[in-house]
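Rule-based calculations on the coordinates, nothing more; no lab input. Nothing here was measured: the structure is a model prediction, and the numbers come from that model. Note that we place each Cβ from the backbone using ideal geometry, even for glycine, and neighbour counts take in every protein chain shown.
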Amino acid sequence: MGTKEFFSTTGENLLRKIKELIEEGNVRKITITEKSGRELMSFPLTIGVVGALLTPVLAAVGALAALIGESVSVAVVRMRPSSTSSATASSTD
């Protein structure tokens, strides 16, 4: 799976924050919930999804941000960094 983070933001800052998260590139899923805990929106992000494919999602987030004035909670699931250790080859002379 991955690591999960939670943070709160207001409706006016929501779209900016979502764009920042997407640009980071290591986010797998974003879920937006009300104060009461009711899920407003949830969308997965896969590696390589950029540009035109994200336009509908960002439009929906923008519309949601315009409708809500209070703070919302955002849950972000990030990919775990790969645990492959780089083994260094030692050469003997």
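Just to confirm my numbers, what's the Cα centroid distance between the stretch 61-76 and the stretch 1-17 in Å?
9 Å
If I stretch the segment between A59 and M79 completely, what's the gain in nm (0.36 nm per residue apart, minus their alpha carbon distance), one decimal?
Net length gain for the segment: 4.7 nm.
What number comes out for the charge environment of L21, summing +1 per Lys or Arg and -1 per Asp or Glu over other residues with Cβ under 12 Å away? List each step's numbers first, then the result.
Numbers: positive: R16, K17, K19, R28, K29, R78; negative: E5, E20, E23, E24.
Combined, the nearby Lys, Arg, Asp and Glu give +2.
By how many nm would the segment from E24 to T3 lengthen if fully extended, with 0.36 nm per residue of separation less the alpha-carbon distance?
6.1 nm is the gain from fully extending E24 to T3.
Measuring from label point to label point, each 7 Å out along Cα→Cβ, what is the R16 to S42 span in nm?
2.8 nm
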